[in-house]
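In what follows, a single structure is set out as structure tokens and then discussed.
The values are calculated or read from the model by the stated rules, or taken from the named source; none is laboratory data. In this text the structure is predicted, and so the values were computed from the model without any measurement. Here Cβ is always computed from backbone atoms with ideal geometry, including for glycine, and neighbour counts include all displayed protein chains. Just so you know, the surface numbers come from the protein's heavy atoms only, side chains and all, with ligands and any DNA or RNA stripped out. Shrake-Rupley method; radii C 1.70, N 1.55, O 1.52, S 1.80 Å.
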Amino acid sequence: MTQGSTQPERRPTRRRRRRGPGWVPDQHGAWAMLAVPLLVGVFLGSPAWVHVPLAALWFVGYFAFFATGLWLKSRFKARWWPPVRAYGIATVVPAVAVLLLRPDLLAWVPLFAPLVAVSLWSSYRRTERSLLNDGATVLAACLMMPVAFAAGTGRAPGVWPGTTLPDGVTGVAGIGWPQVWALFVVVLAYFAGTILYVKTLIRERGERSYRVASVVYHLTAGVVASAALAAAGLVWWPAATLFAGLTVRALWVPRTEATPMQFGMGEVAASVLVTVLVLVLPQTFEAVGSGASGTSVADASGTDGSGASVALGAGAAATVVP
């Protein structure tokens, strides 16, 4: 205490140094879009060592992407640069590891590059809330699913429907690229739908045009996803049921007084349902395939028509729904 004072002397306190902006992404909905396609692709193709650096590159790359977007939006202000530099450097090690293990995965870069460019340009123009930017980021996120599948199944000569994997190489339950792209449609249809759905709950709440667009989208998405699954030889009606439920949600929830926490938890539940669905549907591939081929399956195995009936019965028993 100082002389003549009855109050204790205050010691100077050190101010905590605040971490600068851009270090931690604040887009909570992005985590599901990052994790679900990656995890689904890993399990559809079977886990491989290359998935470890690929996952690290995916998540650290997102941090770098987020920080770069903010830096561009600020018109290159210095205070936004440190996280861009740090995360950019951090991506080097996992990127090199992926290239050393699987240099053929570079073939996917041309699909990602324009989508990333669109999103960063939107950030620079400060239109990152636009439907164009949201669509580009969702598509880029969902593309990680076939990339992770390719990484797990080995080098494939092509990635489009109609091409085959190398001899003896298949994904879970014997699926190939046609089935993977059909499941990709389901995942993409769901996450693209969240763009309109979330807008009807926050920024465009009360706007009838957005509510109508969201409902129409989910109805259409259900039809498209079901058709894609059926064309690939997978059971389609579980996806139709799921999107029917999502349509009802898109119609009903915006009319309620749901809080961000409540519909956020609903999004988590929906993401889990989609994940379970696309992981279970491959198990229906052989069942549907045997049903479609009918007698040809029996003939190939050297059995008669009764054998085909047994195969169909076993296929129906193997059909699992979420």
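List pairs: first in region 116-136 and open to solvent by 30 Å² or more (accessible area, probe 1.4 Å), second assigned to a helix (DSSP H, G or I) and among the β-branched types (Val, Ile, Thr), Cβ under 6 Å, 6+ apart or cross-chain? Filtered contacts from region 116-136: Asp134/Ile195. Summed over region 257-287, residues that are within 17 Å of the chain's Cα centre (by Cα) and at pLDDT below 90 total 1. Looking across region 246-285 at every residue that is without any contact (Cβ under 8 Å) to a residue 24 or more places away in the chain and open to solvent by less than 40 Å² (accessible area, probe 1.4 Å), the one that is farthest from Ala32 (Cα to Cα) is identified as Thr256. Search region 192-233 for residues being farther than 29 Å from Val180 by Cα and not in a helix (DSSP H, G or I), and hand back the single one that is most open to solvent (accessible area, probe 1.4 Å). Per the criteria, the residue is Arg203. The set of residues in region 30-61 that are open to solvent by less than 30 Å² (accessible area, probe 1.4 Å) and aromatic (Phe, Trp, Tyr) is empty.
Of the residues examined, Gly171 is one that is among the small types (Gly, Ala, Ser) and modelled with pLDDT under 90.
Checking each residue in region 45-59 for being touching a helix residue (DSSP H, G or I) at 6+ places or on another chain (Cβ under 6 Å) and over 14 Å from Ala97 (Cα atoms) picks out Gly45, Ser46. Would you say Phe149 is under 17 Å from the mean Cα position of the chain (by Cα), surrounded by fewer than 19 Cβ atoms within 10 Å (Cβ to Cβ), not aliphatic (A, V, I, L, M) and not in a loop (DSSP other than H, G, I, E, B)? No.
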